[in-house]
Amino acid sequence: MAEPEAHLRSYNFRREREDGWRDLDSLVQRVQRSGLANLSAQELRRLPELYRSVISSLSVARSISLDRNVVAYLESLSVRAYFCVYGGRESLGAGIRRFAVHDFPAAVRAARWFIAAAFAVLAFGAVVGFVLTMNSPDWYYSFVSDSMAGSRSPTAETETLRAALYDSDDTAIDSLNLFASFLFSHNAKIGLLSFALGFAFGVPTVLLLFVNGLTLGAFAALYASRGLSWDLWAWLMIHGTTELLALALCGGAGLVLGGALAFPDRYSRLHNLGEKGRMAAVIAIGAVGLFFVAALLEGFARQIVTDGIYRYGIGGGVLLAWLAYFALSGRKAGHGRD
């Protein structure tokens with residue numbers, strides 16, 4: 001008689017509660033198809049109530065050892081409903097907008113001193129590379145690889161160096177694109193490496209930024225020695241302001257990781273790394289976006305605009321736009337928590 005009684009008990013249990021289960025199942029299916037926006041205000045209020053009812057039914061079903069099929073169904077329904085009630089409520093587009101409008105600029109503001117330190121290391125490397133190369137051109141070969149230099153070396157004629165910045169013939173454009181592509185790929189790699197290696201107390205991050213600065217400084221010294229500084233920086237400004245800013249952001253993110261490990265304060269290093277690591281990751285992901293924007297500027301605007309004044313104007317305008325974005329964007333949404 002025990003088995004018929006168990007079946008009867010399971011039947012009565014389902015009959016008393018099955019309508020609520022079906023209602024929740026229907027709401028969950030609609031949310032999975034079209035999102036929470038597809039539910040009315042009344043349905044949104046019912047969703048958590050029905051979810052709690054199913055959780056209660058599941059607890060009872062387990063405690064009195066009801067039919068396994070009933071328990072399995074309730075477990076599946078409760079898991080699906082959980083993600084509807086407590087899971088992400090944003091669409092992919094909304095998540096991207098929130099990241100771009102608030103999360104990324106807020107993280108940059110929070111790590112501004114680390115980013116400033118990364119930029120200072122990069123600038124110091126550029127100054128050292130510039131001074132050493134100006135005093136002895138042989139240093140150029142130590143800081144600039146042959147694949148990057150191409151025809152731009154201390155032995156090149158001044159007109160050849162200038163032609164690479166302005167001429168529109170195929171040889172000059174190919175030479176220009178080679179250096180531009182190197183800058184993008186090289187800086188992107190250095191940027192992501194400087195972030196990823198920040199866990200080593202930030203030491204590799206500092207070294208990578210410094211070496212990258214040496215390369216930039218040596219290249220600037222070569223053109224300065226021929227009286228072409230104005231032309232070089234005009235050429236670099238259009239995409240360089242965005243690209244070097246992205247590099248500094250990655251370096252700053254790496255220093256955030258290094259600082260979390262080196263100065264854990266009252267928390268453990270692991271806990272501090274977890275807290276600061278999320279902010280650093282947001283900055284690094286956003287910096288990848290800046291590298292992409294720099295690539296677009298490099299591939300289009302810089303090739304089209306050849307007048308030095310306009311190049312400086314575009315580069316300066318882009319830099320001001322980035323600074324305004326990081327300073328102002330998302331402050332209201334952040335409620336002053338930056």
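Read-outs throughout are calculated quantities, based only on the coordinates presented, and are distinct from any laboratory measurement. Worth saying up front: this structure is predicted, and the values here are computed from it rather than measured. Note that we place each Cβ from the backbone using ideal geometry, even for glycine, and neighbour counts take in every protein chain shown.
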- Label-point separation (nm) for Leu207 and Ser56, each offset 7 Å from Cα along Cα-to-Cβ? 6.3 nm
- Message: Suppose R0 equals 22 Å. What FRET efficiency, 1/(1 + (r/R0)^6) with r the Cβ-Cβ distance, do Lys189 and Asp307 give to the nearest 0.05?
- Response: 0.10
- Taking the highest mean first, how do the peptides 246-252, 33-39 order by number of other beta carbon atoms within 10 angstrom per residue? 246-252, 33-39
- Spin-label model distance (nm) - Arg68 vs Tyr82, 7 Å beyond Cα toward Cβ: 2.2 nm
- Query: Using a simple spin-label model with points 7 Å from Cα along the Cα→Cβ vector, what separation in nm is obtained for Glu75 and Leu323?
  - Reply: 6.0 nm
- In whole Hz, the Karplus estimates of ³J(HN,Hα) for region 104-109 (6.51, -1.76, 1.60; θ = phi - 60°; x where Gly or Pro) are 5, x, 5, 5, 5, 5
- Message: At a 10 Å Cβ-Cβ cut-off, how would you order Ile314, Ile96, fewest neighbours first?
- Response: Ile96, Ile314
- Determine the distance separating the Cα centre of region 141-165 from the Cα centre of region 92-108; give it in Å without decimals. 41 Å
- Item | trypsin sites (Lys or Arg not before Pro) restricted to region 67-149 and DSSP loop, no more than 15 other C-beta within 10 Å | Arg89
